[in-house]
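Nothing in this text is a laboratory measurement; each read-out follows from the coordinates by a stated rule. What you see is a predicted model; the values in this text were computed from it and never measured. Cβ: placed from backbone, ideal geometry, glycine included. Neighbour counts: every protein chain shown.
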Amino acid sequence: MSSLPLTVASYNMRKAIGTDRRRDPRRVLDVLHEIDADVVALQEADKRVGGRASAVPHELFDAHSGYQPVPLGVKNRRVLDRLPRVGARVDELLKVDTRSIGWHGNALLVKPHVQVMDVAALELPTLEPRGAVMAELLVNDQPFRVVGLHLDLSGLWRRRQLRAILEQIGARPQAMPTVLMGDTNEWRTAAGCLQELDGAYRIAPTGPSFHSRRPVAALDRIVVDKRLRIEAAGVHHSAAAQKASDHLPVWARLVL
């Protein structure tokens, strides 16, 4: 194992709509700059209506973020795509960039030094559209796997979804250290869907991240398998983070 520390972070960016109800993608980028993580899992990264475009325009990511969205090779199903003789030309006709960066709102960002080896978009059991995203990465010649997720509001479906994610991880052809991170929507700390982890993973001690103005609930979590060591973990409190979303980002520094 390498002694190289790796910082990961998870951020429910609420489609770039801040606590002042204004959509301001640059504030999201400001928060990402403050955290300066190597790998970031975003939730609510794409708009839910219209073209399902990225809430942060691609040109801002390209020019100002220092991150590369991980290409997932999938496309969100959009109402506009089903229109006869229009669906294939949505972007052209609307004269806007409707490209998403995620899958059901989940996206992964990496710094340039992180190599992407393989990706997968995971379907999850649910009554409404839900999914998770997986990337197998390489840092300093060490492989590791990251899963970004946003679980259901229903406790029953959360358990089914986390179980499905763990099953799909277990079915991967190569074993490697794995990190799951995202908005679990789980208010309890040692019950509910987290029981599905069954001792194989540890929850990084980040702390409460919701609501950003007065955080009382640890909805956003970073879950680390026992092959990784957690050097430090926390919630990112800053003036920018308190305004940019109703969730605060969580982070963890890991040793691969």
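Points worth noting:
- Cβ crowding within 10 Å, taken as a proxy for footprinting-reagent exposure, orders 225, 183 from fewest neighbours to most as 225, 183.
- Whole-Å semi-axes of segment 5-255's equivalent ellipsoid (Cα gyration tensor): 26, 21, 19
- Shape class of segment 119-256 from the alpha-carbon gyration tensor: oblate, with a/c at 1.5 or above and b/c at least as large as a/b.
- Which of 250, 232, 219, positive extreme of dipole for the chain (C-beta unit charges): 219
- Over the chain: helical MRE at 222 nm, DSSP H runs n ≥ 4 each giving -39500 (n - 2.57), nearest 500: -4500 deg cm²/dmol
- Crossing angle, helix 155-170 versus the chain [Cα axis fit, 0-90 degrees, rounded to tens]: 80 degrees
- Cβ-derived FRET efficiency at R0 25 Å, residue 237 paired with residue 200, nearest 0.05: 0.25
- For 201, 67, 11, order by how many other beta-carbon atoms lie within 10 Å, fewest first: 201, 67, 11
- Charge dipole (Cα centre; +1 on Lys/Arg Cβ, -1 on Asp/Glu Cβ; no other charges) of the chain amounts to roughly 720 debye.
- Each peptide in 240-247, 38-45, 116-123 gets a packing score, the mean of other Cβ atoms within 10 Å over its residues, and the list from highest to lowest is 38-45, 240-247, 116-123.
- Computed from the Cβ-Cβ distance with R0 of 30 Å, the FRET efficiency linking residue 227 to residue 187 stands at 0.60.
- Among 109, 127, 37 - extreme Cα towards positive end, dipole of the chain, charges at beta-carbon: 127
- Across the chain, the mean sequence separation of Cα contacts (distance under 8 Å, 6 or more residues apart), normalised by length, yields a relative contact order of 24 percent.
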